[in-house]
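The values are calculated or read from the model by the stated rules, or taken from the named source; none is laboratory data. Because the structure is a prediction, the values reported are computed rather than measured. Because the Cβ atoms are built from the backbone with ideal geometry, glycine has one as well, and the counts that use them run over all protein chains shown. Surface areas here come from the heavy atoms of the whole protein model, side chains and all, with no ligands, DNA or RNA. Shrake-Rupley method; radii C 1.70, N 1.55, O 1.52, S 1.80 Å.
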Amino acid sequence: MSPDKAVRVEAHCSTANLGAGFDVFGLALAKYADRVQVRTTSTPIVRIRTVGPYSRGLPASPNKNSAGPPARALLDRSQLNKGVEITVEKNIPPGLGLGSSGATAAACAKAMNYLLSLYLSDDELVKIASLGEAASSGSAHTDNVSASLLGGFAIAYGDPLRTVSIRAPAKLSVVVVSPKIRLPKNKTSLARRLLPKRIEVREAVLNIGRASAIALGFARGNIELIGTGMEDAIAEPHREKLFPGYKMVRKAALAAHASGVAISGAGPSVVAFVDKTKQDPKKIARVMVKEFSKNKIESTFFVTSPAAGARIIRSN
Ligand code: HSE
């Protein structure tokens, strides 16, 4: 392998959980994508540089940037005694619940798998990419990384971890509304600390049923069915207090004929799934923004669609 072999990979942002699929479901979204360039070096260390519109304040330390731990793990796996220089082009706004750190980790894992000719399976890559999530949020959840890596609607489940993904229906529009609320930088770990240690059988049954409806809804391309499952009995009830106005916004969006509404990942963004052949997603977005403003909370929105998985955009 020549010391200056390089590859550039793009990975999209994502929304995780989708209501009942806490820590299991993810959907890649087209709006933003990080680009990660990885170049091999003969010095066996990981170096990270950050560029792009959202690079300010992003840690470059390989222990803290979500590209670092997957890079280290894959270098160790290769046994080549090489190092890497990683350039993270941060185009996904962090802190909105759009899987920003997960996309970087996914792009890095995909780039390294190619560069070091490791031929790892999707399951292994998702697991390794999740080490990046642990570095940035303190928990190695796999939902965002699997969506960014595999694209479409992704399910990451079980122990040992298995992953599966399916293209999302083309008529699915995703409205993303982001309230401007002050949250600590470590908001994902804060939101995870609010999770209950134990849950009732009733809550588990509710989530299993709804999650099954979501999975079948994607398989059938039925957005109404997906929407019926977008209600969570496990995480959202404990996290709502972090997101004032969310409950009313959810109610208003459903009344305006969104198919389903959920907190995006660990928040604060809220996603509404809309069948764009039946409803105007922008109209629903405006209803949601208005509802936040009734609670004296400013918010912004965009409308996007599902995206494909991570892809190599250049190699040399
Ligand atoms: N499933 C994770 C959570 C996603 O809700 O904590 C965080 O990005």
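Things worth noting here:
- Accessible surface ranking that places the most exposed of 275, 23, 280 first, with a 1.4 angstrom probe: 280, 23, 275
- These residues, 87, 300, 228, go from largest to smallest accessible area, 1.4 Å probe, as 228, 300, 87.
- The spacing between the range 40-82 and the range 262-315, judged by their C-alpha centroids, is 31 Å.
- Förster radius 22 Å - calculated FRET efficiency between residue 247 and residue 186 (Cβ-Cβ, nearest 0.05): 0.35
- The residue 222 and residue 51 beta-carbon pair, evaluated with R₀ = 45 Å, returns a calculated FRET efficiency of approximately 0.65.
- Area of residue 187 that stays accessible when all protein chains are in place (1.4 Å probe, Å², to 10): 20
- Modelled spin labels at residue 255 and residue 300, positioned 7 Å past Cα toward Cβ, are 2.8 nm from each other.
- Carbon plus sulfur fraction of accessible area for the chain, probe 1.4 Å, in percent: 51
- Amide N of the range 91-130 lying under 14 Å from the label point, which is placed 7 angstrom from the Cα of residue 76 along Cα→Cβ: 128-130
- Rounded tilt (10° steps) of 246-255 against the dominant C-alpha axis of the chain: 70
- Of the residues 231, 133, the one with the largest accessible area comes first in the ranking 231, 133, computed with a 1.4 Å probe on protein heavy atoms.
- Rounded to the nearest 500, the helix-only mean residue ellipticity at 222 nm of the chain stands at -11000 deg cm²/dmol, with each DSSP H run of n ≥ 4 adding -39,500 (n - 2.57).
- Angle between the chain longest axis and helix 201-220 axis [Cα atoms, degrees, rounded to 10]: 70
- Qualifying trypsin sites (Lys or Arg not before Pro) for the range 227-294 [loop in DSSP, other Cβ within 10 Å: at most 11]: 278
- Candidates 234, 181, 48, ranked by Gaussian network fluctuation over the chain, Cα under 10 Å, top entry: 181
- Cross-link pairs 241/294; 31/282; 180/276; 197/241; 247/294; 187/241 - those with Cα-Cα distance over 21 Å: 180/276
- Rounded to whole Hz, the Karplus (6.51, -1.76, 1.60) HN-Hα couplings of the range 146-156, x for glycine and proline: 5, 5, 5, 6, 8, x, x, 8, 10, 10, 10
- Only aspartates and glutamates eight or more places from residue 90 in sequence, or on another chain, were considered; those with a Cα closer than 17 Å are 10, 34, 133.
- Kirkwood-based Rg to Rh ratio, the chain, C-alpha trace: 0.98
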